[in-house]
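Asks: Below you will find the structure I want to go over with you.
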Amino acid sequence: MATIQRRTQAQRREETQGKVLACARRLFGEKGYKGTALEDIASEAGTTIRPIYHYFGNKEALFEAVTESLEEELIHRLQQPGHDGEPAGLAESWRRFMAMCDVPGFVQIVLLDAPHVLGRDRLGRSGVVQQAQSRLDAMWPDRQLSPRDRELYARMLLAALTEAGLMRGEHTDYDSSAAMLPLLEALDQFS
(Lines give C-alpha, C1' and ligand atoms only; values in the text may rest on other atoms or scores of the structure.)
Protein backbone atom coordinates (compact mmCIF):
# COMPACT_ATOMS: atom_id res chain seq x y z
CA MET A 1 0.00 0.00 0.00
CA ALA A 2 1.46 3.34 -1.08
CA THR A 3 1.69 6.13 1.41
CA ILE A 4 0.87 9.66 0.44
CA GLN A 5 3.46 12.18 1.41
CA ARG A 6 2.12 15.57 2.28
CA ARG A 7 3.96 18.64 1.15
CA THR A 8 5.04 21.06 3.80
CA GLN A 9 3.91 24.69 3.81
CA ALA A 10 7.41 25.69 2.68
CA GLN A 11 7.23 23.25 -0.25
CA ARG A 12 3.81 24.57 -1.29
CA ARG A 13 5.05 28.16 -1.01
CA GLU A 14 8.15 27.37 -3.09
CA GLU A 15 6.02 25.60 -5.71
CA THR A 16 3.59 28.51 -5.96
CA GLN A 17 6.42 31.05 -6.21
CA GLY A 18 8.09 28.96 -8.92
CA LYS A 19 4.87 28.71 -10.93
CA VAL A 20 4.23 32.44 -10.62
CA LEU A 21 7.79 33.27 -11.72
CA ALA A 22 7.64 30.90 -14.69
CA CYS A 23 4.28 32.26 -15.84
CA ALA A 24 5.37 35.86 -15.29
CA ARG A 25 8.55 35.25 -17.28
CA ARG A 26 6.58 33.84 -20.19
CA LEU A 27 3.90 36.54 -20.18
CA PHE A 28 6.25 39.49 -19.61
CA GLY A 29 8.38 38.09 -22.43
CA GLU A 30 5.45 37.74 -24.82
CA LYS A 31 3.38 40.82 -23.94
CA GLY A 32 5.89 43.14 -22.32
CA TYR A 33 5.52 44.72 -18.90
CA LYS A 34 2.67 47.07 -19.82
CA GLY A 35 0.70 44.40 -21.66
CA THR A 36 0.80 41.92 -18.78
CA ALA A 37 -1.71 42.01 -15.93
CA LEU A 38 -1.20 40.28 -12.59
CA GLU A 39 -4.56 38.62 -13.11
CA ASP A 40 -3.22 36.97 -16.28
CA ILE A 41 -0.17 35.68 -14.43
CA ALA A 42 -2.26 34.41 -11.52
CA SER A 43 -4.72 32.67 -13.84
CA GLU A 44 -1.95 30.94 -15.78
CA ALA A 45 -0.23 29.92 -12.53
CA GLY A 46 -3.50 28.46 -11.22
CA THR A 47 -3.76 30.85 -8.29
CA THR A 48 -5.21 34.23 -7.38
CA ILE A 49 -3.35 37.54 -7.28
CA ARG A 50 -3.28 37.44 -3.47
CA PRO A 51 -0.23 35.08 -3.30
CA ILE A 52 1.54 37.26 -5.85
CA TYR A 53 1.15 40.28 -3.61
CA HIS A 54 2.11 38.19 -0.58
CA TYR A 55 5.31 36.75 -2.12
CA PHE A 56 6.39 39.58 -4.40
CA GLY A 57 4.68 42.75 -3.16
CA ASN A 58 3.48 44.17 -6.48
CA LYS A 59 3.82 43.88 -10.25
CA GLU A 60 7.09 45.83 -10.40
CA ALA A 61 8.71 43.67 -7.71
CA LEU A 62 7.59 40.51 -9.54
CA PHE A 63 9.02 41.94 -12.76
CA GLU A 64 12.30 42.68 -10.98
CA ALA A 65 12.46 39.08 -9.72
CA VAL A 66 11.93 37.82 -13.28
CA THR A 67 14.58 40.22 -14.61
CA GLU A 68 17.07 39.14 -11.96
CA SER A 69 16.49 35.46 -12.76
CA LEU A 70 17.29 36.10 -16.43
CA GLU A 71 20.35 38.17 -15.54
CA GLU A 72 21.56 35.41 -13.22
CA GLU A 73 21.16 32.92 -16.07
CA LEU A 74 23.26 35.18 -18.32
CA ILE A 75 25.95 35.60 -15.66
CA HIS A 76 26.07 31.84 -15.12
CA ARG A 77 26.60 31.30 -18.85
CA LEU A 78 29.30 33.96 -19.03
CA GLN A 79 31.20 32.57 -16.04
CA GLN A 80 31.49 29.06 -17.47
CA PRO A 81 35.08 28.26 -18.47
CA GLY A 82 36.04 28.10 -22.11
CA HIS A 83 36.94 24.90 -23.98
CA ASP A 84 40.50 25.08 -22.66
CA GLY A 85 39.39 25.42 -19.02
CA GLU A 86 40.41 29.09 -18.95
CA PRO A 87 37.91 31.94 -18.65
CA ALA A 88 35.98 32.35 -21.90
CA GLY A 89 37.36 34.97 -24.25
CA LEU A 90 35.40 37.80 -25.78
CA ALA A 91 34.40 35.79 -28.84
CA GLU A 92 33.01 32.94 -26.74
CA SER A 93 31.32 35.39 -24.37
CA TRP A 94 29.73 37.05 -27.41
CA ARG A 95 28.35 33.69 -28.58
CA ARG A 96 26.95 33.03 -25.12
CA PHE A 97 25.30 36.44 -24.96
CA MET A 98 23.77 35.97 -28.41
CA ALA A 99 22.49 32.54 -27.34
CA MET A 100 20.89 34.18 -24.32
CA CYS A 101 19.18 36.66 -26.65
CA ASP A 102 17.47 33.64 -28.22
CA VAL A 103 16.00 32.59 -24.84
CA PRO A 104 12.29 33.46 -24.96
CA GLY A 105 11.60 36.72 -23.20
CA PHE A 106 15.20 37.79 -22.57
CA VAL A 107 15.32 40.63 -25.09
CA GLN A 108 11.87 41.97 -24.18
CA ILE A 109 12.35 41.75 -20.42
CA VAL A 110 16.03 42.52 -19.82
CA LEU A 111 16.93 44.75 -22.75
CA LEU A 112 13.70 46.58 -23.54
CA ASP A 113 11.51 46.78 -20.44
CA ALA A 114 13.86 46.56 -17.45
CA PRO A 115 15.69 49.88 -18.01
CA HIS A 116 12.34 51.70 -18.27
CA VAL A 117 10.42 49.88 -15.56
CA LEU A 118 13.19 49.42 -13.00
CA GLY A 119 15.27 52.47 -13.87
CA ARG A 120 18.67 52.90 -15.41
CA ASP A 121 20.31 53.47 -12.03
CA ARG A 122 19.56 49.84 -11.12
CA LEU A 123 21.75 48.71 -13.99
CA GLY A 124 24.88 50.03 -12.28
CA ARG A 125 24.22 47.76 -9.30
CA SER A 126 23.36 44.68 -11.35
CA GLY A 127 25.44 41.54 -11.48
CA VAL A 128 25.68 41.93 -15.25
CA VAL A 129 27.49 45.28 -14.92
CA GLN A 130 29.73 43.89 -12.19
CA GLN A 131 30.57 40.96 -14.48
CA ALA A 132 31.38 43.36 -17.34
CA GLN A 133 33.61 45.47 -15.11
CA SER A 134 35.37 42.36 -13.83
CA ARG A 135 35.96 41.21 -17.40
CA LEU A 136 37.39 44.59 -18.35
CA ASP A 137 39.66 44.61 -15.30
CA ALA A 138 40.93 41.15 -16.25
CA MET A 139 41.65 42.29 -19.82
CA TRP A 140 43.87 45.12 -18.62
CA PRO A 141 45.24 44.07 -15.23
CA ASP A 142 48.20 46.47 -15.35
CA ARG A 143 46.12 49.47 -16.24
CA GLN A 144 44.92 51.63 -13.37
CA LEU A 145 41.45 52.77 -14.30
CA SER A 146 39.62 55.40 -12.33
CA PRO A 147 36.15 54.47 -11.10
CA ARG A 148 34.66 56.75 -13.78
CA ASP A 149 36.77 55.11 -16.51
CA ARG A 150 35.65 51.66 -15.34
CA GLU A 151 32.04 52.82 -15.39
CA LEU A 152 32.44 54.34 -18.85
CA TYR A 153 34.00 51.18 -20.31
CA ALA A 154 31.34 48.95 -18.73
CA ARG A 155 28.56 51.19 -20.06
CA MET A 156 30.07 51.16 -23.54
CA LEU A 157 30.35 47.37 -23.49
CA LEU A 158 26.79 46.96 -22.23
CA ALA A 159 25.44 49.47 -24.74
CA ALA A 160 27.07 47.54 -27.58
CA LEU A 161 25.73 44.23 -26.27
CA THR A 162 22.27 45.69 -25.74
CA GLU A 163 22.10 47.08 -29.26
CA ALA A 164 23.32 43.78 -30.71
CA GLY A 165 20.73 41.91 -28.66
CA LEU A 166 17.96 44.25 -29.79
CA MET A 167 19.02 43.78 -33.40
CA ARG A 168 18.95 40.01 -32.82
CA GLY A 169 15.42 40.35 -31.45
CA GLU A 170 14.30 42.46 -34.43
CA HIS A 171 15.99 40.31 -37.08
CA THR A 172 15.87 36.72 -35.86
CA ASP A 173 17.10 35.47 -39.23
CA TYR A 174 20.35 37.50 -39.01
CA ASP A 175 23.36 35.88 -37.37
CA SER A 176 25.62 38.71 -36.28
CA SER A 177 28.36 36.30 -35.26
CA ALA A 178 29.93 36.31 -38.71
CA ALA A 179 30.29 40.09 -38.57
CA MET A 180 31.43 40.35 -34.94
CA LEU A 181 33.69 37.35 -34.40
CA PRO A 182 36.75 38.64 -36.31
CA LEU A 183 36.67 41.85 -34.27
CA LEU A 184 36.22 40.00 -30.98
CA GLU A 185 38.92 37.45 -31.79
CA ALA A 186 41.29 40.33 -32.56
CA LEU A 187 40.44 41.92 -29.20
CA ASP A 188 41.03 38.56 -27.52
CA GLN A 189 44.55 38.59 -28.98
CA PHE A 190 45.07 42.17 -27.80
CA SER A 191 44.06 41.47 -24.20
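The values are calculated or read from the model by the stated rules, or taken from the named source; none is laboratory data. Source: prediction; values computed, not measured. We work out accessible area using only protein heavy atoms, side chains counted, and drop any ligands, DNA or RNA first. Shrake-Rupley method; radii C 1.70, N 1.55, O 1.52, S 1.80 Å.
Asks: Just to confirm, what accessible area per residue do you get for region 1-136 at 1.4 Å probe, in whole Å²?
Replies: Values: 7890 Å² over 136 residues.
Ligands and nucleic acids excluded, the figure is 58 Å² per residue.
Asks: Same structure, new question: What order do M167, M180 take when sorted by accessible area (1.4 Å probe), most exposed first? Before the final figure, lay out the partial values.
Replies: Numbers: M167 85, M180 55 Å².
Ranking M167, M180 by accessible area, largest first, yields M167, M180.
Asks: I need the Kirkwood Rh of the chain: take the reciprocal of the average 1/r across all distinct C-alpha pairs and report it in angstrom. Don't skip to the answer; put the middle values down first.
Replies: Working: mean 1/r = 0.0538 Å⁻¹.
By the Kirkwood definition, the hydrodynamic radius is 18.6 Å.
Asks: Round to the nearest 10 and report in Å² the accessible area of T47, as given by a 1.4 Å probe over the protein chains' heavy atoms.
Replies: Accessible area, nearest 10 Å²: 40 Å².
Asks: Hey, another quick one. Ignoring ligands, DNA and RNA, please state the percent of accessible area on region 133-172 from carbon and sulfur, probe 1.4 Å. If you can, show how the numbers build up before the last one.
Replies: Details: 1500 of 2790 Å².
Answer for region 133-172: carbon and sulfur cover 54 percent of the accessible area.
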